[in-house]
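I have placed the structure first, in the form of structure tokens, so that the comments after it can refer back to it.
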Amino acid sequence: MPKMKTKSGAKKRFRVRGSGSVKRSQAFKRHILTKKSTKNKRQLRGSAGVHATNAASVAAMLPYA
């Protein structure tokens, strides 16, 4: 059988932690930052986990993760 292909968009956006949960980066931090408050931009720093309702679809895009 041929190997399954990983979705190339997903491999750029997600990393799998040692516990098996999936790490993602925060959205809304790329541009049009002047109208966003400093508090909002500060809270968008760092990474977040993929929500449980989306974990199955992310796992389907990353078959070997």
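The values are calculated or read from the model by the stated rules, or taken from the named source; none is laboratory data. Just so it is clear, the model here is predicted, and its values are computed rather than measured. Note that each Cβ is placed from the backbone with ideal geometry, even for glycine, and that neighbours are counted across all protein chains shown.
Considering only the range 11-43, state which residues are β-branched (Val, Ile, Thr) and either more than 15 Å from the chain's Cα centre (by Cα) or farther than 13 Å from Leu62 by Cα (or both). Can you show your working first?
Taking the range 11-43 as the starting set, the residues that turn out to be β-branched (Val, Ile, Thr) are 16, 22, 32, 34, 38.
Hits for the range 11-43 are Ile32, Thr34, Thr38.
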*How do the pairs read when you match residues in the range 48-62 that are part of a helix (DSSP H, G or I) with residues anywhere that are among the basic types (Lys, Arg) and surrounded by fewer than 16 Cβ atoms within 10 Å (Cβ to Cβ), using Cβ under 6 Å and keeping only pairs 6 or more apart or on different chains?*
Met61/Lys7
*Somewhere in the range 5-19, is a residue modelled with pLDDT of 95 or more, surrounded by 13 or more Cβ atoms within 10 Å (Cβ to Cβ), polar (S, T, N, Q) and not in a strand (DSSP E or B)?*
yes
_Cβ-Cβ distance below 8 Å, separation of 6 or more or different chains: which pairs start in the range 29-43 with a residue that is of a type in the set (A, V, I, L, M, F, W, C) and end on one that is surrounded by 10 or more Cβ atoms within 10 Å (Cβ to Cβ)?_
Leu33/Lys41
*Of (1) in contact with a Ser or Thr (Cβ under 6 Å, 6 or more places away or on another chain); (2) closer than 16 Å to Tyr64 by Cβ, Lys23 satisfies all except one. Which?*
(2)
